[in-house]
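All remarks here apply to the structure that follows.
The values are calculated or read from the model by the stated rules, or taken from the named source; none is laboratory data. Keep in mind that what you see is a predicted model, and the values were worked out from it rather than measured. Note that each Cβ is placed from the backbone with ideal geometry, even for glycine, and that neighbours are counted across all protein chains shown. Areas reflect the complete protein model, heavy atoms only, side chains present, ligands, DNA and RNA absent. Shrake-Rupley method; radii C 1.70, N 1.55, O 1.52, S 1.80 Å.
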Amino acid sequence: HQQRMKRLADEQRIAQQAVDEQRSRRLRLLQEKNDLELSVRALIDFVLHLPKIQGAPAVFTGEQPRQWLKMYRNLRQQMDELKDQQTLVLVFKHALDEDVKLWGEGTEAEDWSLAFTGLNRCELKLDKLRKAADKLLHAEAQIGAGWREFADAARTARVELERFQQSLADEANCEEGLARANHAEEVHRMLSLLSKQVQEKIDELAQSTAVEMSTTCDIVLQYSEGCAEEREALRALIADPSLAKLPAGMPAKALREYQADEVTDTPEATEVLLEQFVEWDVLCARTRKSAAELLSRPPPKFILDVACAVKEATGFPPGFVGDWPEAREEKLARLQGIVDAIGAELGIVIDFFDPQDVLKGKEVPKTLRLMQLLAVSAARHLPADA
């Protein structure tokens, strides 16, 4: 009897080794292919062939991965359309370059008829380029939101699975419990791969909408010797392209160089200054409102959420705790903590802001000014070469 039991145990061990090797090969193949659709299909195929597991997360039903597959195909189509839009932008950019050269050559040869012709053409091409680029950025924002939704869904599924794996720990001693644990571990590996591949798509999106304008700027600098102020502004933009997003009237310089009296109190400027550290799409996803809508009258908890996002990106405000307490006095203390940290970083006394106004929904311009100073403080808190 003992020999039969030993032989049976050996056969089970060999069979399990064969299963483990097959799974490892499949995972290696998916990693080598690095194809998101293939990975989702493999996950669907795997969970649909598993025996039904009581209390298993939604991913085990196969319905959730099927929704991801539909989401991926929709996003892939949008990515293809985005590439077409980028091509259109590049066509307009090339045409603008040619007209800028025409203007420059006319100026250099003192052929003012040619120079003015080039300038007139530049104005038309620049308008087309701006409209095409705006459309490209709008499409990028929409697709980016879709990819982040995908990433959040995969992350949530992985967290739910990890909780389920913990509940299986006590069953690992029996054969059936061990099988369930192995199945859960395999699904976890596949979800981890999916998350990695989705993040790669998010990174790829940022690259696919980039348009190199340095050549155009170099041509303009070459032929604009008599325009010192404009040349300096253009050089600043070349050094830091993010300055192009600043609203009119704001200093065209790095955020860490801003003085306290140079910030404004508008929602537009607040959104632009903070977006260096805050992913608005992610932060605003729970509210289903845009950053512009929330900044038009910032809710108290939203201000703390912004401060948390800034701290995660920069480490500022140091020691800040962003949970939202129930007691009114504790809420005021959280907001005052932000005020004190900003004042210490910038070496100023902030006497224009009262946390009680935030709780009452009053003095919005003063709140926006404080949020902009939060961005300036965070930029200064970072190393100079960050």
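Some observations on this one:
- Filter result (of a type in the set (S, T, N, Q), assigned to a loop (DSSP other than H, G, I, E, B) and either at pLDDT 95 or above or over 20 Å from Ala145 (Cβ atoms) (or both)) within the stretch 280-323: Ser296
- Output for the stretch 331-384, where each listed residue is on the phi > 0 side of the Ramachandran plot and either among the β-branched types (Val, Ile, Thr) or touching a residue at least 40 places away in the same chain (Cβ under 8 Å) (or both): Gly361
- Residues (touching a residue at least 12 places away in the same chain (Cβ under 8 Å) and under 28 Å from the mean Cα position of the chain (by Cα)) located in the stretch 108-137: Lys128, Leu129, Ala132, Ala133, Lys135, Leu136, Leu137
- Residue match in the stretch 356-377 (condition: under 27 Å from the mean Cα position of the chain (by Cα), under 25 Å from Pro251 (Cα atoms), surrounded by 14 or more Cβ atoms within 10 Å (Cβ to Cβ) and of a type in the set (D, E, K, R)): yes
- Which listed residue is closer than 30 Å to Gln372 by Cβ and outside any loop (DSSP other than H, G, I, E, B), from Arg231, Arg180: Arg231
- Number of positions in the stretch 64-95 that are of a type in the set (Val, Ile, Thr) and open to solvent by 40 Å² or more (accessible area, probe 1.4 Å): 2
- Check on Val339, open to solvent by less than 40 Å² (accessible area, probe 1.4 Å), in contact with a Leu (Cβ under 8 Å, 6 or more places away or on another chain) and modelled with pLDDT of 95 or more: yes
- Number of residues in the stretch 205-214 that are surrounded by 12 or more Cβ atoms within 10 Å (Cβ to Cβ) and part of a helix (DSSP H, G or I) equals 2.
- Which numbered condition Val349 fails, given (1) assigned to a loop (DSSP other than H, G, I, E, B); (2) closer than 21 Å to Ala269 by Cα: (2)
- Residue match in the stretch 298-310 (condition: more than 24 Å from Gln142 (Cα to Cα) and open to solvent by 70 Å² or more (accessible area, probe 1.4 Å)): yes
- Within the stretch 262-279, if we keep just the residues that are among the charged types (D, E, K, R) and either surrounded by fewer than 19 Cβ atoms within 10 Å (Cβ to Cβ) or outside any helix (DSSP H, G or I) (or both), the residue that is nearest to the chain's Cα centre (by Cα) turns out to be Glu279.
- Residues of the stretch 101-137 satisfying the condition of being in a helix (DSSP H, G or I) and of a type in the set (Asp, Glu): Glu105, Glu108, Glu123, Asp127, Asp134
- The sole residue among Glu98, Glu160, Glu149, Glu140 that is free of Cβ contacts under 8 Å to residues at least 24 places away in the same chain and either open to solvent by 60 Å² or more (accessible area, probe 1.4 Å) or in a helix (DSSP H, G or I) (or both) is Glu98.
- Subset tally (residues that are surrounded by 19 or more Cβ atoms within 10 Å (Cβ to Cβ) and charged (D, E, K, R)) for the stretch 311-336: 3
- Taken together, the residues in the stretch 45-63 that are of a type in the set (A, V, I, L, M, F, W, C) and surrounded by 19 or more Cβ atoms within 10 Å (Cβ to Cβ) amount to 4.
- Candidate set from the stretch 215-237 (those that are without any contact (Cβ under 8 Å) to a residue 24 or more places away in the chain and touching a helix residue (DSSP H, G or I) at 6+ places or on another chain (Cβ under 7 Å)); member that is most open to solvent (accessible area, probe 1.4 Å): Leu237
- Scanning the stretch 238-251 for residues that are in a helix (DSSP H, G or I) and surrounded by 16 or more Cβ atoms within 10 Å (Cβ to Cβ) gives a single hit, Leu243.
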